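Following: one structure in C-alpha cells, then a few remarks.
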Amino acid sequence: MQLTDIGVLKSIISKYGFTFSKSLGQNFLINPTVCPKMAQNSGADKSTGVIEIGPGVGVLTRELAAVCKKVVCIELDSRLIQILDETLADLDNVKVINADALKTDFAALIEEHFPGDDVVVCANLPYYITTPVIMYLLESQLKISSLTLMLQKEAATRICARPGSRDAGAVSLAVRYWGEPKVLFNVPRGSFMPAPNVDSAVIRIDIHPSPVVTSCSRDSFFKIVKAAFSMRRKTILNCISEHLRIPKATVSQLLEKSGIPSNARAEQLSLKDFESIALHFESAGF
Ligand code: SAM
C-alpha cells in the first residue's frame, strides 16, 4: 500500500470520512523519499524496537516495520485507529495504542513491549507539542538510544544550536544535557498534505550513555539555565539576579568564582560553563 500516493491517501481518508485536524498537527507525509530515509537514519535494525508518536495513517510506521523488530505507535486521534487497522493489516510486527503521548508511561511501555531489546524513538511529531514531547521523553530517562524526529525547521535549528552560538536557547542546553542533537536533512513544506506554512527538518538526538553533567544536581543545572535565558540580550548577571531574586553583588561573586564574566550573555556560554555556574550557586546554598 503506497500511502504517499495522494490518490491512495485521499481514497482511504474519504472512505472513513476523515478530515484533517489542525489542532492535532495533522500534516501527513506524501513525499515518498522521506519516510525510508527517516527509518534508515533511526538506527533501528531487526533486533531493535521502535516507538513512534503520531502514526497518522501509518506511512512512516510501514517503513519502520520493514527495518526493525517491532513498532509500537501511540496515536491520540481515535478516528485514525480504524484507518490504521486497514493500512497496517498486513504487518505482524506493529502495535497501535490509542493514547496521548504526553500521558503515556513510556518506561512501562518499553518494559511490556520491548523487554531486553534496544529501543529507539522515530516520529513525525505534531508541531504543537514538539518541545514538551522531546523534554518528556528525555526527562523520563528511558532505556532508549536515540530519537529521530521531524520538526519545524525553526525548532530543529534552535534545538540543535551549539551552546555558545547565536541561535542557542534554553532548549538547546536542555537537550544537550541528555544527548547530542544534530540536523540530518531538511524537508520542504510541499512534502505534506495539507502543506504547512513552514519547512521542516529531521533531527536525531543520540542519548548520552552516561550523564555528561556530573558535578551539580540536575535541578541546579536547569534552574540556572532557565534563569540565564529568562531575558534575551541581558547579561547573565542581570538575568540570574532578577529571575532568582539574589542580590547582584552575590551573583557577581559567584560568577567570578565560576570563571564567567558578569557581562556574558547566556547564548555565549557552553554546557560546561553552565555546569560550573550551577555548581557554585548550589554550593552557596541557592
Ligand atoms: N506520522 C504521520 C505522517 O508522517 O504522515 C502523521 C504525522 S502528523 C505531523 C502528527 C500525528 O500525531 C497525527 O496523526 C496526530 O493525530 C498525532 N498526535 C497529535 N497529538 C498527539 C498526542 N498528544 N499523542 C499522540 N499522537 C498525537
query = Could you give every pair whose Cβ atoms fall below 8 Å, whose first residue belongs to the stretch 11-28 and is within 23 Å of Met150 (Cα to Cα), and whose second residue is part of a loop (DSSP other than H, G, I, E, B) and polar (S, T, N, Q), counting only separations of at least 6 or pairs across chains?
reply = Ile13/Thr19; Phe20/Gln26; Phe20/Asn27
query = Conditions: (1) within 7 Å of the ligand (Cβ to nearest atom); (2) in contact with a Leu (Cβ under 8 Å, 6 or more places away or on another chain); (3) over 22 Å from Ile205 (Cα atoms). Gly54 meets all but one. Number of the miss?
reply = (3)
query = In the stretch 31-51, which residues are within 11 Å of the ligand (Cβ to nearest atom) and either among the polar types (S, T, N, Q) or open to solvent by 30 Å² or more (accessible area, probe 1.4 Å) (or both)?
reply = Asn31
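Can you find a residue in the stretch 144-152 that is touching a helix residue (DSSP H, G or I) at 6+ places or on another chain (Cβ under 9 Å) and either modelled with pLDDT under 95 or of a type in the set (Lys, Arg) (or both)?
No, there is no match, as no residue in the stretch 144-152 is touching a helix residue (DSSP H, G or I) at 6+ places or on another chain (Cβ under 9 Å) and either modelled with pLDDT under 95 or of a type in the set (Lys, Arg) (or both).
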task = Collect the residues in the stretch 1-29 that are β-branched (Val, Ile, Thr) and open to solvent by less than 30 Å² (accessible area, probe 1.4 Å), keeping them in residue-number order.
result = Thr4, Ile12, Ile13
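Any idea which residue in the stretch 172-198 is farthest from the chain's Cα centre (by Cα), counting only those that are in a helix (DSSP H, G or I) and buried (at least 19 other Cβ atoms within 10 Å of the Cβ)?
The initial filter retains those residues of the stretch 172-198 that are in a helix (DSSP H, G or I), namely 172-178, 189-191.
If we keep only those that are buried (at least 19 other Cβ atoms within 10 Å of the Cβ) too, we end up with 172-178, 191.
Numbers: Ser172: 11, Leu173: 13, Ala174: 11, Val175: 8, Arg176: 12, Tyr177: 13, Trp178: 11, Ser191: 20 Å.
Here the residue is Ser191.
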key: Which numbered condition Pro132 fails, given (1) within 10 Å of the ligand (Cβ to nearest atom); (2) outside any helix (DSSP H, G or I)   = (2)
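The values are calculated or read from the model by the stated rules, or taken from the named source; none is laboratory data. Just so you know, these numbers come straight off a predicted model, no measurement behind them. Cβ atoms come from the backbone with ideal geometry, glycine included; neighbour counts cover every protein chain shown. Areas reflect the complete protein model, heavy atoms only, side chains present, ligands, DNA and RNA absent. Shrake-Rupley method; radii C 1.70, N 1.55, O 1.52, S 1.80 Å.
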